[in-house]
């Protein structure tokens, strides 16, 4: 398979998974967890004594997937994915959470993009990890404040998203090494 075709196919797969993470994360926050807080989120344990809204795992994954969309399809596609993602983040969620979800998503993904874009020249793994850290902090603070007027779940949000970012590192190393072997350069 030629390099350009491989980039488009992989980029499309990353884009589809990215788009799917967003409404699924919102659905989970309102419906799936080990406990559902009245007038609040459904939460899951993410560490000793830490809970977080259940969608955090998919939000952490979405940050990395957006980086991979940019790497395969380019900056314009990544910006388009952010805009569509902000719209999707209003779906499958309570109307009271729609603005918080869209605002936090839009902000965190733009921050992630702004950090990832210059860093990707230094390497995929470093760029994705650092940009995801910045993005997950922005998302966690903004979402919790807008949605609940509280940062009560901040530590859990950060840990939950970080778990997913760290879980992607072996895949990112594999992609980086395979890209070098096949001569696949970023878009």
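Quick notes on this structure:
- Highest-fluctuation residue, 120, 157, 70 considered, GNM on the chain with Cα pairs under 10 Å: 120
- Placing a label point 7 Å from the Cα of residue 145 along the Cα-to-Cβ direction, the residues of segment 74-118 with a backbone N closer than 12 Å are 104.
- Entry note, the chain: the mean residue ellipticity at 222 nm calculated from DSSP H runs of n ≥ 4, each adding -39500 (n - 2.57), is -26500 deg cm²/dmol after division by the residues and rounding to the nearest 500.
- Three-way shape label, segment 41-118, alpha-carbon gyration tensor, a/c 1.5: oblate
- Gyration tensor verdict on segment 1-81 (Cα atoms; rounded if a/c is under 1.5, prolate if a/b is larger than b/c, oblate otherwise): prolate
- Panel note: the C-alpha atoms of segment 3-182, placed on their principal axes, show extents of 51, 33, 24 Å (largest first).
- Cβ-derived FRET efficiency at R0 41 Å, residue 99 paired with residue 177, nearest 0.05: 0.50
- Segment 153-187-segment 61-125 distance, computed between alpha-carbon centres (Å): 15 Å
- Angle between the chain longest axis and helix 56-73 axis [Cα atoms, degrees, rounded to 10]: 20 degrees
A short reminder: the numbers here are calculations on the coordinates, not readings from a lab. None of the values given here were measured: they were computed from a predicted structure. All Cβ positions, glycine included, derive from the backbone under ideal geometry; neighbour counts span all protein chains shown.
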